Amino acid sequence: SQQGEEDPQALSIQEGENATMNCSYKTSINNLQWYRQNSGRGLVHLILIRSNEREKHSGRLRVTLDTSKKSSSLLITASRAADTASYFCATPNAGNMLTFGGGTRLMVKP
Amino acid sequence: DTEVTQTPKHLVMGMTNKKSLKCEQHMGHRAMYWYKQKAKKPPELMFVYSYEKLSINESVPSRFSPECPNSSLLNLHLHALQPEDSALYLCASSQESRGFVSNEKLFFGSGTQLSVL
């Protein structure tokens with residue numbers, strides 16, 4: 001069953017703007033991952049943040065994790081048209097398997 | 001080689017057909033997965049193989065039959081599918097180094113877009 005819920009479901013911004021996506025989850029986790037999916041393609045791993053970490057950076061990506069609120073956010077700075085994709089958070093379920101949130105569809109307009 | 005290769009990329013089949021989806025990785029990963037994804041929805045886990053043994057079957061109907069011939073290959077055999085089975089089928093792999101697969105990064109193939117008529 002789906003553990004994470006993402007907000008917003010869709011986001012449209014201009015190139016150069018920042019994009020923020022949020023993920024909320026239900027049960028305690030030991031890590032949370034973010035993935036990107038271009039239309040009709042496979043998912044690409046972006047970043048993994050562990051439960052004892054509050055923030056992690058990778059290039060233009062910044063991920064935060066608040067275990068007390070059971071939420072995470074993904075910030076993409078200085079967005080580009082090539083960032084247009086769906087973004088999913090993923091968390092372990094009760095069976096220790098990764099399950100994906102509903103996703104945020106990001107469109108970056110040139 | 002950090003690729004997971006899936007074939008075919010597209011497949012159209014009738015409800016009485018038998019077909020197979022194939023997945024291959026040469027990263028030495030010992031966990032392999034099948035996910036099903038409907039349009040504008042997240043991927044949903046179907047099967048997990050760990051060290052070539054089926055470890056997870058998420059109550060998938062028997063018309064889907066997975067097979068792991070060796071540590072590099074994963075097949076999904078399809079028989080008597082229904083139109084609602086039309087979806088993107090994604091294969092993934094991970095290292096499975098310490099038994100905690102949810103701590104691991106998944107590598108995905110590009111998927112097979114399946115249409116059942």
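The criterion of at least 3 residues that are free of Cβ contacts under 8 Å to residues at least 24 places away in the same chain and either under 15 Å from the mean Cα position of the chain (by Cα) or within 27 Å of B:TYR89 (Cα to Cα) (or both) is met, among strands (runs of 3 or more DSSP E) falling completely within region A:1-66, by A:43-50, A:55-58, A:61-66.
Going by what's in this entry, would A:SER79 be described as away from chain B (no Cβ under 14 Å), part of a loop (DSSP other than H, G, I, E, B), surrounded by 13 or more Cβ atoms within 10 Å (Cβ to Cβ) and not hydrophobic (A, V, I, L, M, F, W, C)? Answer is yes for this residue.
Do we have B:LEU76 as closer than 20 Å to A:LEU98 by Cβ, within 11 Å of the chain's Cα centre (by Cα), within 14 Å of another protein chain (Cβ to nearest Cβ) and at pLDDT 95 or above here? No: the conditions fail for B:LEU76. For region B:87-95, the criterion of being under 22 Å from A:LEU46 (Cα atoms), over 12 Å from the mean Cα position of the chain (by Cα) and crowded, with 21+ Cβ neighbours inside 10 Å is met by at least one residue.
Answer with yes or no whether B:SER65 is away from chain A (no Cβ under 14 Å), among the small types (Gly, Ala, Ser), without any contact (Cβ under 8 Å) to a residue 40 or more places away in the chain and touching a His at 6+ places or on another chain (Cβ under 8 Å). Full working, then the answer.
Numbers: away from chain A (no Cβ under 14 Å): yes; among the small types (Gly, Ala, Ser): yes; without any contact (Cβ under 8 Å) to a residue 40 or more places away in the chain: yes; touching a His at 6+ places or on another chain (Cβ under 8 Å): yes.
Yes, satisfied.
In the set A:LEU98, A:LEU106, which member is at pLDDT below 95, under 15 Å from the mean Cα position of the chain (by Cα) and within 14 Å of chain B (Cβ to nearest Cβ)? Exactly one of A:LEU98, A:LEU106 is at pLDDT below 95, under 15 Å from the mean Cα position of the chain (by Cα) and within 14 Å of chain B (Cβ to nearest Cβ), namely A:LEU98.
The set of residues in region B:36-55 being farther than 17 Å from B:THR112 by Cβ, under 12 Å from the mean Cα position of the chain (by Cα) and within 9 Å of another protein chain (Cβ to nearest Cβ) consists of B:VAL48 alone.
If you check B:LEU88 against the conditions, is it within 25 Å of A:GLY102 (Cβ to Cβ), more than 14 Å from chain A (Cβ to nearest Cβ) and outside any loop (DSSP other than H, G, I, E, B)? No, not satisfied.
Within region B:5-45, restricting attention to residues that are among the aliphatic types (A, V, I, L, M) and touching an Asp or Glu at 6+ places or on another chain (Cβ under 8 Å), which residue is farthest from B:SER62 (Cα to Cα)? It comes out as B:MET27.
The values are calculated or read from the model by the stated rules, or taken from the named source; none is laboratory data. Being a predicted model, the structure only gives us computed values, none of them experimental. Using ideal geometry, Cβ is built from the backbone for each residue, glycine included, and neighbour counts are taken over all protein chains shown.
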